[in-house]
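Everything on this sheet refers to the single structure shown next.
The values are calculated or read from the model by the stated rules, or taken from the named source; none is laboratory data. Keep in mind it's a predicted model, so treat the numbers as computed, not measured. The accessibility values were calculated without ligands, DNA or RNA, using every heavy atom of the protein model including side chains. Shrake-Rupley method; radii C 1.70, N 1.55, O 1.52, S 1.80 Å.
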Amino acid sequence: MQQVLWHYWQVAMRLNDDLLASADGVELLVTSAYAGLKGPNREMHWVPMTNWTYGEVRSDNAYKGGGGVNDGDFCTLLETFKIDATWSNADEKWFQLYCCLQRCNSALRVMNTLDENSLSILKSRKAEMKVIRAHFFFELVRLFKQVPYFDENVENDDYKYGAQNETYIED
């Protein structure tokens, strides 16, 4: 019985757009999108939102240092241009950037249901989310070239289908 109650409590307590469709909810979503600039998973030092590894180390502007090629081997691979499609860090970077995009899209999706009477700075907040989203798309294009474009009008469940209409940035 306790497991059944726990399951129902978890389902009932899930965040969704309806629960966040208020001025306070929008502020929470905006804060979440800004937090994405630091990285959605701060434990993962190898997929940071900074460009130290994917910009400076890769371009030879920075040296990873360490005690040899096996110390921070992901950086060694970037420094020596020995990465390929099987390199899991690239997949993790892709995933992390799309997680951050989703934060912006979630905020915009909720904001599109509100009006200026609900939130006086609605227009400003929408602009902020679009700029942050553009930043993440820029990162994706810079690193991966052709990337599927998802905005707030694409439902979360439809992400798995990718860009069916072949909408890509940087064709």
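A few notes on this one:
- The lone criterion from (1) modelled with pLDDT under 85; (2) within 17 Å of the chain's Cα centre (by Cα); (3) open to solvent by less than 60 Å² (accessible area, probe 1.4 Å) left unmet by LYS145 is number (3).
- Residue count, segment 81-112 (criterion: at pLDDT 90 or above and β-branched (Val, Ile, Thr)): 1
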